[in-house]
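Worksheet: one structure, shown below.
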Amino acid sequence: MQRDTHLDQAARTNELLMARRRAALPSGLGQAHEIFVERAENAEVWDVEGRRYIDFAGGIAVLNTGHRHPALVAAIQAQLDRFTHTCFQVLAYEPYVELAERLNAMAPGAFAKKSFFMTTGAEAVENAIKVARAYTKRQAVIAFGGAFHGRTMMGMALTGKVAPYKVGFGPFPAEIYHAKYPCALHGVSVDDAMASIEAIFKYDVEAARVAAIILEPVQGEGGFYIAPPEFAKRLRALCDQHGIVLIADEVQTGAGRTGTWLACEQWWTEVGAAPDVITMAKSMAGGMPLSAIIGRAEIMDAPGPGGLGGTYAGNPLACASALAVLDTFEKEGLLARSRAVGQRLHAGLQAIAAKHPTLIGDVRSSGAMVAIELFKNGDTHQPNPELTAAVVKAAAQRGLILLSCGSYANVIRVLVPLTAPDALLDEGLAIIAACFDALA
Ligand SMILES: Cc1ncc(COP(=O)(O)O)c(C=O)c1O
């Protein structure tokens, strides 16, 4: 029987499509908003019912260059006309190599770098651990509480949040340990975080068996907590002392979100610390599935031939799009724009927080990676996930797509395209302000 429901305009409401989604897809696939998209342009999205939304979520940090940037569309179309797949390990192509050369040149640290590509952020993390283990010939890895590193087995093992990411999915790979991530707002100083690593060395595994320490320079899903550069400096010293590979997971922070191409460039300029290995994904290819592992050449060369790669990894369409992202950042000055967007959003959210000091306990930003944290009665010991969910829902009803995050589900994060005009940022801020006024 021919199915024509998708052609029937009357059947294309959000409600009816959600019903089909529920019947056909497993419930483990979350859904932040019960909205089905029809089309999108830069920082705006229209749903199947013709309603327009401002997009402050950016596909979870994937759209720093906006929806359908003309330069990316042109690059992908041009590549479509040449070839779409060969498998890089079978027949190579220049865009892959050019992208590696450009990313190597942009990564901080006064040493030679090499890069290779995968498809998802979780795969980049998996491969960063693979190269670190192959290089050090050690097994253990230290990650941090509140971290998110993906949904593969190693990604889940490294992730420092049980529900919903790890519940029911174990056992996980062995030899993964979690230290404390510094967060002054919740009473964890840099000293506390360093002491928690020393405690792992004392109680769980000797430093001489630790292959890698992996951290997000700014925790993404964990709540947009920003590691002080001093923490990076002390981690660098600790890793140097014990021969441990330092990995910066820049899947969410990378590609200009924090005002520099990589957040760890700020470690380099501020305290002279560079990671040995960096993971990227999300906005690096502007919506095409691509991830990168960039690292110290001798570490990256440790796995033997055939140990790295994947059928689709470094797909030519995605590489072409990633090169267009790099060109667009240069042509449009998007790093400076990231800082300007961050300042504008930070100031606007601070004004809302000043009006609602008992609800919003913190406004923080690293470039355009901006968040507010919500509490009850102005008490940072009482997270307010209910109000957070209510603001996200109310904003969508008023035409603004927001995302929450955080270990306590009480953080609203902004990942708007850096290409969004000021007027759109202000329109979004006005909706957030109206939501707080209505829900206070
Ligand atoms: C820091 C970090 N690492 C890894 C991942 C996993 O990326 P992916 O969902 O592409 O596998 C994410 C996704 O949000 C992330 O934020």
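The values are calculated or read from the model by the stated rules, or taken from the named source; none is laboratory data. Just so we're clear, the structure is a prediction, and the values are computed from it rather than from any experiment. Counting neighbours? That spans all protein chains shown, and the Cβs are built from the backbone with ideal geometry, glycine included. What goes into the accessible areas is simple: the full protein's heavy atoms, side chains included, and nothing from ligands, DNA or RNA. Shrake-Rupley method; radii C 1.70, N 1.55, O 1.52, S 1.80 Å.
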### Tabulated pairs, the stretch 378-393, first closer than 9 Å to ALA409 by Cα, second surrounded by 14 or more Cβ atoms within 10 Å (Cβ to Cβ) and among the aromatic types (Phe, Trp, Tyr), C-beta under 8 angstrom, 6+ apart or interchain
PRO383/PHE375; PRO383/TYR408; ASN384/PHE375; PRO385/TYR408
### Message
List pairs: first residue in the stretch 313-339 and free of Cβ contacts under 8 Å to residues at least 24 places away in the same chain, second residue open to solvent by 30 Å² or more (accessible area, probe 1.4 Å) and of a type outside the set (Gly, Ala, Ser) anywhere in the structure, Cβ distance under 7 angstrom, at least six positions apart or on different chains.
### Response
none
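Small (Gly, Ala, Ser), buried (at least 20 other Cβ atoms within 10 Å of the Cβ), under 21 Å from ILE200 (Cβ atoms) and within 15 Å of the ligand (Cβ to nearest atom): which single residue out of ALA122, ALA128, ALA132, ALA140 fits that description?
On the way: ALA122 fails: under 21 Å from ILE200 (Cβ atoms); ALA132 fails: within 15 Å of the ligand (Cβ to nearest atom); ALA140 fails: within 15 Å of the ligand (Cβ to nearest atom).
Selected residue: ALA128, the only one of ALA122, ALA128, ALA132, ALA140 that is small (Gly, Ala, Ser), buried (at least 20 other Cβ atoms within 10 Å of the Cβ), under 21 Å from ILE200 (Cβ atoms) and within 15 Å of the ligand (Cβ to nearest atom).
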### Task
Restricting attention to the stretch 272-295, report how many residues are over 11 Å from the mean Cα position of the chain (by Cα), open to solvent by 30 Å² or more (accessible area, probe 1.4 Å) and within 14 Å of the ligand (Cβ to nearest atom).
3
### Task
Keeping to the stretch 237-271, report how many residues are away from the ligand (no atom under 12 Å from the Cβ) and over 26 Å from THR328 (Cα atoms).
12
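Can you report the number of residues in the stretch 96-108 which are farther than 18 Å from PRO289 by Cα and surrounded by fewer than 20 Cβ atoms within 10 Å (Cβ to Cβ)?
Initial filter on the stretch 96-108 (farther than 18 Å from PRO289 by Cα): 101-102, 104-108.
From what is left, the residues that are surrounded by fewer than 20 Cβ atoms within 10 Å (Cβ to Cβ) are 101-102, 104-106.
Adding up the residues that qualify gives 5.
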### Message
If I go through the stretch 245-257 residue by residue, how many of them are open to solvent by less than 10 Å² (accessible area, probe 1.4 Å) and farther than 23 Å from VAL210 by Cβ?
### Response
5
### Query
For the stretch 24-41, which residues satisfy the criterion of being within 17 Å of LEU400 (Cβ to Cβ), open to solvent by 50 Å² or more (accessible area, probe 1.4 Å) and not in a loop (DSSP other than H, G, I, E, B)?
VAL37, GLU41
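For the stretch 368-381, how many residues are surrounded by 24 or more Cβ atoms within 10 Å (Cβ to Cβ) and assigned to a loop (DSSP other than H, G, I, E, B)? Write out each step before concluding.
Of the residues in the stretch 368-381, the ones surrounded by 24 or more Cβ atoms within 10 Å (Cβ to Cβ) are 368-374.
Subsequent filtering for residues that are assigned to a loop (DSSP other than H, G, I, E, B) retains 368.
Qualifying residue count for the region: 1.
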### Task
Inspect all residues belonging to the stretch 325-335 and state whether any of them is of a type outside the set (Phe, Trp, Tyr), open to solvent by 20 Å² or more (accessible area, probe 1.4 Å), modelled with pLDDT of 95 or more and touching a helix residue (DSSP H, G or I) at 6+ places or on another chain (Cβ under 7 Å).
yes
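Just to be sure I understand, how many residues within the stretch 260-287 are of a type in the set (A, V, I, L, M, F, W, C) and assigned to a strand (DSSP E or B)?
First, pick out the residues of the stretch 260-287 that are of a type in the set (A, V, I, L, M, F, W, C): 261-264, 267-268, 271, 273-274, 277-278, 280-281, 284-285.
From what's left, assigned to a strand (DSSP E or B): 277-278, 280.
Going through the stretch 260-287 one residue at a time, the tally reaches 3.
So which of THR260, THR269 ends up being surrounded by fewer than 24 Cβ atoms within 10 Å (Cβ to Cβ) and farther than 22 Å from ALA147 by Cα?
Numbers: THR260 fails: farther than 22 Å from ALA147 by Cα.
The conditions single out THR269.
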### Query
When you go through (1) farther than 26 Å from ASP379 by Cα; (2) open to solvent by 10 Å² or more (accessible area, probe 1.4 Å); (3) in a loop (DSSP other than H, G, I, E, B) one by one for SER407, which number turns out not to apply?
(1)
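Within the stretch 82-119, how many residues turn out to be among the polar types (S, T, N, Q), within 28 Å of ILE60 (Cβ to Cβ) and more than 16 Å from the ligand (Cβ to nearest atom)? Lay out the reasoning, then the answer.
First pass over the stretch 82-119, keeping only residues among the polar types (S, T, N, Q): 84, 86, 89, 104, 115, 119.
Still in the list and also within 28 Å of ILE60 (Cβ to Cβ): 84, 104, 115, 119.
Narrowing further to those that are more than 16 Å from the ligand (Cβ to nearest atom): 84, 104, 115.
Total satisfying the criteria: 3.
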### Query
Can you find a residue in the stretch 193-208 that is surrounded by 24 or more Cβ atoms within 10 Å (Cβ to Cβ) and either among the aliphatic types (A, V, I, L, M) or under 18 Å from ILE299 (Cα atoms) (or both)?
no
## Note on the structure
The number of residues in the stretch 146-165 that are closer than 25 Å to ALA195 by Cβ and open to solvent by 30 Å² or more (accessible area, probe 1.4 Å) is 3
